[in-house]
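Some notes on the structure that comes next.
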Amino acid sequence: IQEFPIVFKQPDVAGVTHATVKANGIDVHVARAGAGKPLVLLHGWPEFWYVWHKVVPLLADRYELIMPDLRGFGATEKPSKGKSDQNGAPIRSEDLAALADALGLDTFGLVSHDVGSLIAQVFAREHSERLAGLFFFNCVHPGIGSRWLVPEHLAEIWYQSFQQKDWAAELIGHSRDTCRIYLKNMLAHWAHDDHAFAPDLEIWVDNFMAPGNLQGGFNWYVSANAARLAVMKGQAPQLPPIETPTFILWGRHDPVIKAEWSDTVGAHFTDATVEIAEDAGHFVHYETPELAARKIAAFFADRG
């Protein structure tokens, strides 16, 4: 197996600065831009802070954008050096609370996607008083239930089991080529336009080939597996709906978190608006940044 002593150089984005913040006992890498009302943006997988770079110039004139790399991702510390089940939504919600404290954020808007959407829901249940609102792209929520396991959908969620294998990160990280093949498949298949990520693909490979980043991301699936299976079996705890004002912008063509699954949002959020992004797949914020930024700005304009 080849060793790659890579130090990842952060992509240059106009107006974005970088800092390391101690929060919940780990060093969290935070990209920041703009000024105004604070918005914290939580990425998903396979992502890191840079997935937000297209919305930065569209929002930075009105909002302070705070874009952390989640625990285990990007340049944020990986306290678990190998496979770990200690990287689920609860501890990452604690990371978020500690990060907000460290940055002096009393109240802020929370924008999230994919993995970030599950962290945001835990945070909203524990710290609703700190939120000006919740904005989701393609929200993973308990109402999806057993539809994850519909036979026609099984081919779309294979990676969630594969990435829990002891050897998955070693295999995918064997070389830049193997990493590129894997990430290109995910990004191209999940986006509506399969060439959407082509200009940034090498940046994605650079990031995930940095030491620990593949396993750091895969550890989400290890940590979330029990909760994921409980949802599929209909055995998840019955929690009261989240009352924080919520907006969900869902990509019509997402093959893995389907837009039609928005039909059960109302059972889990008391004040939620759902709209469909007709020209996007899984990565609405990256695929259609103008639409994403416009909806974010409108939702948070009178909140916070």
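The values are calculated or read from the model by the stated rules, or taken from the named source; none is laboratory data. Since we're looking at a predicted model, the values are computed, not measured. Virtual Cβ from ideal backbone geometry, glycine too; neighbours counted across all protein chains shown. Heads up: the accessible areas ignore ligands, DNA and RNA and are worked out on the full protein's heavy atoms, side chains in. Shrake-Rupley method; radii C 1.70, N 1.55, O 1.52, S 1.80 Å.
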For this session: Sort largest first and round to whole Å: the equivalent ellipsoid semi-axes of the chain, each the square root of five times a Cα gyration tensor eigenvalue.
Result: 26, 23, 20
Problem set entry | Packing-based ranking, highest mean first, of 25-38, 64-77 given that Cβ atoms within 10 Å are counted | 64-77, 25-38
Exercise. Once the dipole of the chain is set up with Lys and Arg at +1 and Asp and Glu at -1 on Cβ about the Cα centre, which of 266, 161, 151 lies farthest towards its positive end?
Worked result: 161
Seminar exercise, completed: Sequence order, region 126-133: Karplus ³J(HN,Hα) from phi using 6.51 cos²θ - 1.76 cosθ + 1.60, θ = phi - 60°, Hz rounded, Gly and Pro as x, gives 9, 9, 4, 5, 9, 9, 7, x
Exercise. About its Cα centre, what dipole magnitude does region 55-174 give when the only charges are +1 on Lys and Arg Cβ and -1 on Asp and Glu Cβ, stated in debye to the nearest 20?
Worked result: 220 debye
For this session: Compute the relative contact order of region 217-291 as a whole-number percentage, counting only Cα pairs closer than 8 Å that sit 6 or more residues apart in sequence.
Result: 31 percent
Problem set entry | Selection of trypsin sites (Lys or Arg not before Pro), region 90-173, meeting DSSP coil and at most 14 other Cβ within 10 Å | 165
Problem set entry | DSSP-loop chymotrypsin sites (Phe, Trp or Tyr not before Pro) across region 146-207, with at most 10 other Cβ within 10 angstrom | 167
For this session: Calculate for the chain the 222 nm mean residue ellipticity that helices alone would give, adding -39,500 (n - 2.57) per DSSP H run of length 4 or more and normalising by residue count, nearest 500 deg cm²/dmol.
Result: -10000 deg cm²/dmol
Exercise. About its Cα centre, how strong a charge dipole does the chain have in debye, to the nearest 20, once Lys and Arg get +1 and Asp and Glu get -1 at the Cβ?
Worked result: 440 debye
Problem set entry | Rounded to whole Hz, the Karplus (6.51, -1.76, 1.60) HN-Hα couplings of region 61-67, x for glycine and proline | 7, 10, 10, 8, 9, 10, 10
Seminar exercise, completed: For region 160-218, the charge dipole (Cβ of Lys, Arg +1; Cβ of Asp, Glu -1; about the Cα centre) points to a positive end, and the Cα of 186, 217, 205 closest to that extreme belongs to 217
Exercise. Lys pairs in the chain, Cα-Cα under 18 Å, at least 8 apart or on separate chains: how many?
Worked result: 6
Problem set entry | Rg to Rh, two decimals, where region 33-111 supplies the alpha carbon set and Rh follows Kirkwood | 0.99
For this session: About the Cα centre of region 137-296, how large is the charge dipole given +1 on each Lys and Arg Cβ and -1 on each Asp and Glu Cβ? Please answer in debye to the nearest 20.
Result: 500 debye
Exercise. Percent of accessible area on the chain owned by carbon and sulfur, 1.4 Å probe?
Worked result: 54 percent
For this session: Please report the Cα spread of region 55-209 along all three principal axes, rounded to whole Å, starting with the longest.
Result: 43, 37, 35
For this session: Would you mind getting the accessible area per residue of the chain, heavy atoms of the protein chains only, 1.4 Å probe, in Å²?
Result: 41 Å²
Exercise. Hey, how many Å between the Cα centroid of region 106-142 and the Cα centroid of region 1-70?
Worked result: 17 Å
